[in-house]
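What follows is one structure encoded as structure tokens, with my remarks underneath.
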Amino acid sequence: HHHLKRNNKTTNYKLQRLPFFLWISLISLYCCIVLLHRSFLHVKSPYKVGRSTWGEFQQLSSSDSTDDGSTVNNRKLVHVIQTRFMQHQGSLLELGKARLALFEAFCFPSVLAQTNQNFIWIIRVDPSINEEIIGRMRQLVGESRRDNILILGSLRNPEGMGRDDHDFDHFLGLESTGKVFSGNITLARDAFEMSAARSSSVLLETRLDADDAIHRMFVDDIQNQAQQYLVDNKSGEKLEQNWRIWCANTNIEWHPLNPYPVLPNDDKKQDEGYLVMYSDQNILCTTPGLTYGYGFDTTRSSILGGRRLKHSDIEVTIEQCGNGVEVNCVSHLELSFRARTVTSAGMANIVTGNDFVDKNSNGLMQKKDNKQLIRQLDQQEKLWQGAASLFSITKASARDARSLVISRMNLIAADNLRGQCTAGHSCKKNGKMLLNAMIQQRHDVVLN
């Protein structure tokens, strides 16, 4: 079990303290250089409609091998992105509309902007979802002209894409009330069957919540690393089961209410909301883009004996990649984006608008002595430029989402409170307390 952390091994996880705008500048420069380089390559269009097989799709959506080591057109690699939307909460209309606004503003454009479209994106929604909400989701997918995006009416969330369970219909989860709202099922079946043939394929399985976003080179970066360490096994490690986990620990967060610990008369109102960039040293693996990579013959049950770790436990349980260890380890991604609003199931780091509650329970509000963090309030324009460049997130789309969330906050909070503890969702006492505080806060504002 060399992949588990050794007790006598100490690792310094603290990121180098660079100014946030330098992070943005460096990552933006990196993306620009790679995109400029690739503009001279022959890349086939990934946007045609009517692809029928996974092999044809890979030919159309991936570039050929390049001199810089980028090899993403690999017939042995299957990549699936899985997103849940309102499962077991289909009747909560206010919550559903708010989550749709966040999905449209943040999650959806970041996936469409991926420089490498060689993946299947499966969005699982509650089969009883409101017609208006599912209609808008289908419209978004239709307008994108991407048939590698599937919207399924399903309450299941299977892992392993055929590595353990070879039943495709069971994987889709459409046995009883499920529906196929959008997408190319033939394409999905071919990808599933290739993954299920695990002796000759590598699987990447990415988790992406509907209010989170991934930077535009996310898919390409992970697939290139998977090519190197899981397909080609350049690390040279001879293990019966090879796997690798990727996660981000540096985030840009979007808040509709001001999260900065400043005096009320210093508040700088922004109709598009507020961005904060920081690394949480207490949680070294966050959920946006959390990816499991399955090597040849590797199943979900063979990774850590099938244990399902909380994302906060991954880093303290599994050895970090590097220093000669490149498989059966965890590797860090560059950056992720997440929305922090009243729609959140766990309600972590949410600004409620109740000063007393926020000062005592919100992690950001308690960082009043962190001058580097507070300075970001004066650097919002640079952060928004970074969000547009890296995630294809615009001020206009954020402004629309914020308008809906702010105007109906108490109704959304009430719905979220009703949805607490439903199957697959958070059930924390602190989350319920914060939701009650938001409901009361908005009620007081209306009365006054």
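With 24 Å as the limit, the listed pairs Lys269/Lys382; Lys179/Lys395; Lys382/Lys428; Lys269/Lys371; Lys97/Lys432; Lys269/Lys310 have Lys179/Lys395; Lys382/Lys428; Lys269/Lys310 beyond it between alpha carbons. Counting 0.36 nm for each residue step from Asp297 to Glu240 and taking away their Cα separation leaves a gain of 19.7 nm. The slack in the chain from Asp167 to Glu132, taken as 0.36 nm per residue of separation less the alpha-carbon distance, amounts to 9.4 nm.
At 10 °C and 1.306 mPa s, grab the translational diffusion coefficient of segment 283-366 from Stokes-Einstein with a Kirkwood Rh over Cα pairs, rounded to a whole number in µm² per second. Rounded to a whole number, D works out at 102 µm²/s.
Accessible area per residue, 1.4 Å probe, Å², for segment 124-240: what's the number?
40 Å²
Cα centroid separation, segment 332-355 to segment 96-131: 18 Å. Under 19 Å from a label point set 7 Å out along the Cα-to-Cβ vector of Thr422, the amide N atoms of segment 97-139 belong to 97-104, 123-138. When a 1.4 Å probe is rolled over the protein heavy atoms, the share of accessible surface on segment 93-235 that falls to carbon and sulfur comes to 44 percent.
The modelled label-to-label distance between Thr186 and Ser200, using points 7 Å beyond Cα along the C-beta direction, is 2.1 nm.
The values are calculated or read from the model by the stated rules, or taken from the named source; none is laboratory data. Because the structure is a prediction, the values reported are computed rather than measured. Positions of Cβ are generated from backbone atoms using ideal geometry, with glycine treated the same way; all protein chains shown enter the neighbour counts. Ligands, DNA and RNA are stripped out before the accessible areas are found, and what is left, the full protein with its side chains, is counted by its heavy atoms. Shrake-Rupley method; radii C 1.70, N 1.55, O 1.52, S 1.80 Å.
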